[in-house]
Amino acid sequence: MSRRKIERLCIVCRKKKNKEELMRVVRTPEGLVRVDPLKKLPGRGAYICNNIECINKLKRENSLNHALRTKVNREELSEIKKELENLLGRGDVKGESL
Ligand SMILES: [Zn+2]
């Protein structure tokens, strides 16, 4: 069992992927929803694919509320989306360094 790859479901497209192909969003014990780049914060987590399509759909479908059993308002959601986009950019897009 311990040798198996850790797979998680993307909350947007519902595909099973390896943890490295997903980004984690967590609802902390304090009730804050935030992006968890290192995937190790405590709390209820939700996973989203490392791709812009899933991030964009996240905004529309609000699967995050469902997955995290919480209510993220529009502002929080766009913050989260922005952070996910940043994270995505750091991963596989070679942008100009500031
Ligand atoms: Zn996905």
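Sorting Ser63, Ser78 by the number of Cβ atoms found within 10 Å of their own Cβ, with the fewest placed first, yields Ser78, Ser63. Taking all Cα pairs closer than 8 Å and separated by 6 or more residues, the relative contact order of the chain comes to 23 percent.
Amide H to amide H distances under 5 Å link Met23 with Ile48, Cys49, Asn50, where only residues 5 or more positions off or on other chains count and H is placed in the peptide plane. Summing charges over all other residues whose Cβ lies under 11 Å from the Cβ of Pro42, with Lys and Arg as +1 and Asp and Glu as -1, gives +1. In this structure, the residue pairs whose Cα-Cα separation is over 20 Å, taken from Lys5/Lys59; Lys17/Lys39; Lys17/Lys40; Lys17/Lys71; Lys19/Lys71, are Lys5/Lys59; Lys17/Lys71; Lys19/Lys71. In the chain the longest region clear of GluC sites (Glu not before Pro) that are loop-assigned by DSSP and have at most 15 other C-beta atoms within 10 Å covers 31-95. Label point 7 Å out from Arg4 along Cα-to-Cβ: which residues of the stretch 18-36 have amide N under 17 Å? Residues passing the 17 Å test: 18-20.
Between Leu38 and Arg69, the simple spin-label model (points 7 angstrom out along Cα→Cβ) gives 2.7 nm. A helix-only calculation puts the chain at -11000 deg cm²/dmol for mean residue ellipticity at 222 nm, using -39500 (n - 2.57) for each DSSP H run of at least four residues, averaged over all residues. Across the stretch 7-92, Cα-Cα distances exceeding 15 Å account for 51% of all pairs. Dipole magnitude for the chain: computed about the Cα centre from +1 point charges on Lys and Arg Cβ and -1 point charges on Asp and Glu Cβ, it is near 580 debye.
Summing charges over all other residues whose Cβ lies under 14 Å from the Cβ of Ile80, with Lys and Arg as +1 and Asp and Glu as -1, gives +3. Of the residues Val33, Ile48, Asn86, the one whose Cα sits farthest towards the positive end of the charge dipole of the chain is Ile48 (charges of +1 on Lys and Arg Cβ, -1 on Asp and Glu Cβ, taken about the Cα centre).
The numbers here are math on the coordinates, done by the rules we state, and not lab data. Keep in mind the model is a prediction, meaning the values are calculated, not measured. Reconstructed Cβ throughout: ideal geometry from the backbone, glycine too, with neighbour counts over all protein chains shown.
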